Each structure stands twice: as C-alpha cells, then as structure tokens.
Amino acid sequence: MPIDLGQSGLMQAQLEKLWITDRKRLLECYRRHMALRDFVLDRDDALRGTP
C-alpha cells in the first residue's frame, strides 16, 4: 500500500527504513501470490487426474 512521503526531502535513515519496509512487503506479496498460483496448479492437476 502506498504511503504519502510528503513534499520535503527525506533523510538517509528515513529513506533506508522506507526502502527496507518496501522490500519486505514486496517479498510477502510475492510469496502470497506464488502460494496462490501453486494452489491453483495443484487443484487443476487434481481435477484433471494428473499426478
């Protein structure tokens, strides 16, 4: 979810903290969507009778 960074410049420490948070959330999103993809593939294989 995007956040408002405001109009002023960011200090290096603020930027690093925001970047780390962004990377963590991106990985969480990736893992969640990969789990959903794997579930759908497994379900479809089971419906087709594919091992």
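For (1) modelled with pLDDT of 95 or more; (2) not aliphatic (A, V, I, L, M), each residue gets a yes or a no:
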{"position": "I3", "(1), (2)": "no, no"}
{"position": "L18", "(1), (2)": "no, no"}
{"position": "E28", "(1), (2)": "yes, yes"}
{"position": "M34", "(1), (2)": "yes, no"}
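Checking T50 against (1) of a type in the set (S, T, Y); (2) assigned to a helix (DSSP H, G or I); (3) modelled with pLDDT under 95, which test does it fail?
Just one mismatch for T50, condition (2).
Are any residues in the range 1-26 surrounded by fewer than 10 Cβ atoms within 10 Å (Cβ to Cβ) and either part of a loop (DSSP other than H, G, I, E, B) or under 17 Å from the mean Cα position of the chain (by Cα) (or both), and if so, which ones? Explain how you work it out, then say what you get.
Filtering the range 1-26 down to residues surrounded by fewer than 10 Cβ atoms within 10 Å (Cβ to Cβ) leaves 1-4, 6-9, 11-13.
Result: M1, P2, I3, D4, G6, Q7, S8, G9, M11.
The values are calculated or read from the model by the stated rules, or taken from the named source; none is laboratory data. As the structure is a computational prediction, the values presented were derived from the model and not from experiment. Backbone-built Cβ (ideal geometry, glycine too); neighbour counts: all protein chains shown.
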